[in-house]
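Since every read-out is calculated from the coordinates, none of them should be taken as a lab result. Values in this document were obtained by computation on a predicted structure and should not be read as measured data. Here the Cβ positions follow ideal geometry from the backbone for every residue, glycine too, while neighbour counts run over all protein chains shown.
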RNA sequence: GGGCGUAUGGCUCAGAUGGUUAGAGCGCUGCCUUCACACGGCAGAGGUCCCAGGUUCGAGUCCUGGUACGCCCACCA
């Protein structure tokens, strides 16, 4: 029987590396010679430089290239999260991406054609922000394009090398050009950085979310949604970030605890004629600056204290505007005074009340976050005092207006007591640093079930169809879907993004008619409505009565990101590729973007294709930030991935990442990285030893010694366990079982067979007439074990395994077959008792030597082993190996019942003569 | 306020369907300058398995109720 050839996959059979490992040499050549061509084992193997060497080799050989001819069932496609191009790499990214890469490498070795593209998420706010800081500019879309525009700064510094203080306005087109200039340079660096972590992505499939293809896909998706009625525009109160001057979606919110204060304000009851009766109603508010925007007071319908007031009107303090007192279940009797003022709009509850109670709109906050400067008519109607009061706050920031209002209230005796400081959650845009305001504006929305229970049910069902790893992560999806309270707002008043591909017809007065939406032909995509012309119009009609105007807004970055499966798989661009890769097999991602990226992607695929976008999602855990530990700041030793990669090597960092269970939060632990490095070094040295012992021919037919058969028995179990684990996407378990085997292999088996493998055992003394066969058995077993272990480790530590592989094996280990099927051809015994007992006895001998404080190499004249008969029999079959490894002259094996007190009785009598 | 997750030696973590003296690595201690590896090897010490009840012949493992931490969601008066 011959060794099954490691099946090197056709496309990857190209020799890689430097001059050895030629594919033609195997398996033919080794079968015709006594011994394979000598492996090229360095005298001093080292991890240094392996990353650069093998990254280049892999790129040259195309070992990770996707084979576009593979049928769908053979393909494993991965929807890699496109990282935001930021110039540096975060620990969390390394963590998650490496875990996915291990799965990808397993799938590839297991025979799947892995479609594993990478993308850069370069559209959107982060890039805008960086362009502003880097070039010292900001976008003013009202400006005309200046072809000769020169930004005032580079790297945030002006011509004299000083930090710029004020940014210079430029046109939208100039601004976009600068953004692209920035990311183009960054992405070159970024790719280099990312290649450093050894992802087996096919870099020729790299995409950008701002590229023409992505913009076309995003716009096509939008237009299809529009045609089917899944996209619509509406004038509605919208969460608004005042510093970025853009609307934001529910998914982009976060609460932050902020200090505030309850102000107790006196509203005045009036008689039918509007004359104050002298009775006051007190409400408590944290936002007195919105008093001018008050449209009603509200209390719970069952609240006896306020029931007499329902239907009455009261006069607001300071302004004297008359507002009704209304009832609504959302009002909480035990919060504050139990009655609240409704403003347009102080918070989202106000929006609910305003909508459900059909209250008027009296907005006073402008989009820049300041109080509107023109005096509103309802203030004017309230009289000259109200106007004077309003003028005192007009144009002020929210903060300034609040101070002013407190003064006015105090002056009028309408502020009861001192404001009571509290801490309360305030909504922020997750990327912003000022509280969100709510303004009314026309925006575009995608339906997502937030306002349609039937559709919400549909998306909930999609969530149950998806396979979640770990399983409990599906709750996060479910809760998000259950908690949706509005459709997905997708328009953004930003500049560097995918333009919403529509125009509006202008009426005879030159005003846009938003009901007459003009759309481009799909073949014209991508379009920019600010410079392109809608079908049926001339460019000269832009902005003139009867002509058209382009939509100025861009799409939410998630509106494009939610199409990454379509973008990567070539939807509408490469139908052949699309049918081979979509729906995808795997979406790996972080838990924090289930509500955005994952959910939105499900929504888009459902609308567009009527399917899930992928079969399953793996959700990685968090890294507990080292900043939370006391060390980093005070000690000043902030750890960056790059520094760790340089210090310990990529394989070591990958080892740490893949040690963490799927979906499990993990504390950053540099110690674990050191262990990874040690493992990599151990792989080099153990391999060197095995190969220098003549272990080059992994031929199971040569394996005869009981100890060797026992080792392969255990290895077969390890292969099976690792395969099972990987099939369940539990890479960490696969690593664990492989690693455990490897250390035992080094510490026990290697020591036991050392002498035999070298072939330096003396026939006359051992009385072993079959020394040659025994030596060949040891060597073959070492070769099989090494060959197998390298492949089992390859998904985790790709560099060191490839290095060792190149010493003696053809092709790339990453194109080699996963060894799942090979143990079937091994001479495997029913159990591994021989190895277990031999290792135990060797351990006992070591223990005795350690207690005696003598060298492990010091000779022992007599070792007496008393144990159960079957265990003694097993030991007998490895007698020579044990005496060799233990440097024992006389091994006495005494078959007896194990002693009651110790169970098994291995008794070692150390009788050393040195 | 609701949901999810986590709580195991100094540290980081394993411990399917409950079953002999609870495991690993790091760190610590002692020993071995061993010819693959001192970026090594051998050995040792170290644990009320968060708390309180319960089910069971038997619970780290199941149930109930707490506590602590993390994350997500929730209408910011």
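Observations on the structure shown:
- Compared with the dominant Cα axis of chain A, that is its longest principal axis, helix A:172-195 is turned about 20°.
- Once the Cβ-Cβ distance of residue A:575 and residue A:44 is raised to the sixth power relative to R0 = 56 Å, the FRET efficiency obtained is 0.55.
- Ranking of A:184, A:349, A:80 by count of other Cβ atoms within 10 Å, fewest first: A:184, A:349, A:80
- Whole-number percent relative contact order across chain A, with pairs defined as alpha carbons under 8 Å at least 6 apart: 15 percent
- On Cα atoms only, tilt of A:833-851 relative to the major axis of chain A in degrees: 90 degrees
- Fewest-first sequence of A:814, A:90, A:479, A:300 by Cβ atoms within 10 Å of each Cβ: A:479, A:90, A:300, A:814
- Residues of region A:421-454 with amide N under 19 Å of the 7 Å Cα→Cβ point at residue A:258: A:421-440
- Cα gyration tensor shape of region A:309-405, rounded if a/c is under 1.5, else prolate or oblate by comparing a/b with b/c: prolate
- Cα centroid separation - region A:88-110 against region A:277-324, whole Å: 58 Å
- The C-alpha atoms of chain A define a longest principal axis, and helix A:650-659 lies at about 80 degrees to it.
- Mean Cβ count within 10 Å, highest first, over the residues of peptides A:612-620, A:270-278, A:387-395, A:799-807: A:799-807, A:612-620, A:387-395, A:270-278
- If R0 is taken as 51 Å, the Cβ-Cβ distance between residue A:872 and residue A:86 corresponds to a FRET efficiency of 0.20.
- R0 of 22 Å, Cβ-Cβ distance residue A:856-residue A:890: FRET efficiency to nearest 0.05: 0.75
- Sum of -39500 (n - 2.57) over DSSP H runs of 4+, divided by residues of chain A (222 nm, nearest 500): -11500 deg cm²/dmol
- A:751, A:467 arranged by Cβ crowding within 10 Å, fewest neighbours leading: A:467, A:751
- Rounded to 5, percent antiparallel among DSSP beta bridges of chain A: 65 percent
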